[in-house]
Amino acid sequence: MFFLFFFLARSKQDTYTERIVNISPSPKRPSSVVLSVTNLRKDYGSLLAVSDVSFDVHRGEIVGLLGPNGAGKTTTVNMILGVLAPSMGTIRVEGYDVARCHRQAMELSNFAAVYAPLPGNLTVEQNLRIFGMLYGITNLQKRIEEVIAEFDLEEYREKKSGVLSSGEQTRLCLAKAMLNRPQLLLLDEPTASLDPSVARDIRTKIRNYAEAQTCGVLWTSHNMHEVSQVCDRVLFLSRGNVLLEGDPKTLHVKHGKSSLEELFITVAKEPLTLDLS
Amino acid sequence: MNPQRIAAIALREYYLVRGSIARLFPLCVWAGIDIVVWGFLTKYLSTVVTGSFSVVSVLLGSILLWNFLIRIMQGVTTTFFEDVWSRNFLNVFSSPISIAEYVSGLVLSSVLMGTISIAVMLLLAVFVFSLSLLPYGLLLIPFLCILFLFGIALGIVGTGIVLRLGPSAEWFIWPIPALLSPFVGVLYPLSVLPRWMQVIGHLLPPSYVFEGMRAVIAGSAVSMQSLVIGGSLSVVSLILACLFFTRVFRFAVRTGLIARYSAESIN
């Protein structure tokens, strides 16, 4: 049975196999680029969700992916995670093509999102164990203890995740996202349900983690204050395109706006009025 | 194939069963009730049926084998439904797990959960209703193999249907064994069926098991050719089921179905 599926899965994919044909493997020497997205496009028939998006995320860098609802942020994140096949373009994580070397790419990545809570019918520790096994972590028990301590989950260890508050669930998702010490961390509104104190704490943890582990972080958020605090660089998506890119502390000034939030609102409502020169 | 990832899927199912007494019901209680009801029926029939027809061996044996197939199928689908019910696809499929490992995990869960059900049914059938497995002898092995492979195939097809059509398609899946049962002759020989039903029955691997089982109980020789046909059909079913699931999964990745898999019903 296992062998049968093994062969079928190997023959299957454009998307998921490890069968490598003319694929450049992981770089022999470390590159500063953790995530490389090139000419990414996704259409659903006549509906264009993402159109020709290209960007890199470097080691130790936190990149904010901003944009109004429907701009293509989550579609982009889903394609990077390999759960949505691009219509065109390539995504490489540490040099591994996500479309063709999904396993290798995902072993080096992880993600947390408000819309993807961990199963509520498992306890905190059980969830971490299951996902630790899925990510093939060695010394799993030790690593579970570390993330439980790091995200202050000790008192909830035996509690089912479904009964935790949304803030506690977010911390659990982040703990899961850190389990495999990812080189690429994808965070979709990670602090959306946290109180300001915990949110600040989480931001600091992720900032420290990115610097200490030389990991790249792609962070989507609608909180402009948070973005300007935590991100090194931001990309503004509008209608599936990267409209603006730059330092969140100075980008709004360049475009004649008083704050990043004002710039965001302009991008969301009247992108054509922007001076993009 | 990474055994740790396969084991993770089965371990999740173990945690769920251990953590909820309600999940023990389909495993033990419903399986047991089936045997109790049919056990008493066969007990009654054995008092009114005269001649050499062994009611207990034929009817209770058939129910036991049919339940084996159902439990194996449900073991696969239920483990998959856990991900549906907890909206866990994004977390699972954005991990390094491959489809082959995921489906193997479903099969492993099914084997473990199916074993519990079968043990309960077997204990009841043997010790309460005096079912003897001795007449089947070594033929029990190919019988069980055919049913196991076909049960897995049905389970994989069921998961593919739910993945493609959405969570509400779950209601199509539960009745699949009931829909097949008239054609495979669980309780009667295929010869009593109309011609068109016999044709369908001959395409379904379990029919060869039940025909063979009745032949054994009647003291006739079991045709090895029919067992080979039954086994081959099981393997073919499994291959087709795997191809179907792989195709559906690819479709789900292409269209974004997995990423937004939470709607009650998707086209």
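The values are calculated or read from the model by the stated rules, or taken from the named source; none is laboratory data. Worth saying up front: this structure is predicted, and the values here are computed from it rather than measured. Note that each Cβ is placed from the backbone with ideal geometry, even for glycine, and that neighbours are counted across all protein chains shown.
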Exercise. Consider B:Tyr44 against the criteria (1) at pLDDT 85 or above; (2) exposed (fewer than 15 other Cβ atoms within 10 Å of the Cβ); (3) among the aromatic types (Phe, Trp, Tyr); (4) within 22 Å of B:Gly114 (Cβ to Cβ): it satisfies all of them except one. Which criterion is unmet?
Worked result: (4)
Exercise. Given the conditions (1) crowded, with 24+ Cβ neighbours inside 10 Å; (2) charged (D, E, K, R); (3) free of Cβ contacts under 8 Å to residues at least 40 places away in the same chain, which single one is not true for B:Arg195?
Worked result: (1)
For this session: Residues being more than 7 Å from chain A (Cβ to nearest Cβ) and either closer than 14 Å to B:Val103 by Cα or of a type in the set (Gly, Ala, Ser) (or both): count how many of those fall in region B:241-260.
Result: 7
Exercise. With (1) surrounded by fewer than 18 Cβ atoms within 10 Å (Cβ to Cβ); (2) under 28 Å from B:Trp171 (Cβ atoms) as the list, and B:Val49 as the residue in question, which single condition is left unmet?
Worked result: (2)
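Do you know which residues across region A:127-139 are assigned to a loop (DSSP other than H, G, I, E, B) and at the interface with chain B (Cβ under 8 Å from one of its Cβ atoms)?
Applying the first criterion (assigned to a loop (DSSP other than H, G, I, E, B)) to region A:127-139 yields A:135-139.
If the condition is that a residue be assigned to a loop (DSSP other than H, G, I, E, B) and at the interface with chain B (Cβ under 8 Å from one of its Cβ atoms), then A:Tyr135, A:Gly136 are the ones that fit.
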For this session: Scan region B:93-121 for residues that are part of a helix (DSSP H, G or I) and facing chain A (nearest Cβ under 7 Å) and jot them down.
Result: B:Phe93, B:Ile99, B:Ala100, B:Val103, B:Ser104, B:Val107
Exercise. Of the residues B:Ile21, B:Ile6, which single one is closer than 25 Å to B:Ser104 by Cα and within 14 Å of chain A (Cβ to nearest Cβ)?
Worked result: B:Ile6
For this session: Could you please find all residues in region A:93-126 being closer than 16 Å to B:Ile9 by Cβ and either more than 9 Å from chain B (Cβ to nearest Cβ) or of a type in the set (Val, Ile, Thr) (or both)?
Result: none
Seminar exercise, completed: Of the listed residues (B:Leu64, B:Leu139, B:Leu90, B:Leu124), the one being modelled with pLDDT under 90, assigned to a helix (DSSP H, G or I) and within 27 Å of A:Tyr135 (Cα to Cα) is B:Leu90
Problem set entry | Every pair of residues 6+ apart whose Cβ atoms lie under 8 Å, when the first sits in region A:252-263 and is farther than 17 Å from A:Ser221 by Cα while the second is assigned to a helix (DSSP H, G or I) | A:His255/A:Leu263; A:His255/A:Thr266; A:Lys257/A:Leu263; A:Lys257/A:Thr266; A:Ser258/A:His252
Exercise. Of A:Val198, A:Val124, which residue is surrounded by fewer than 21 Cβ atoms within 10 Å (Cβ to Cβ) and more than 24 Å from A:Lys73 (Cα to Cα)?
Worked result: A:Val198
Problem set entry | Hits in region A:23-46 (condition: within 21 Å of A:Ala71 (Cβ to Cβ) and at pLDDT below 50) | none
Seminar exercise, completed: Just one listed residue, out of B:Ser181, B:Ser130, B:Ser191, is on the phi > 0 side of the Ramachandran plot and hydroxyl-bearing (Ser, Thr, Tyr), and it is B:Ser130
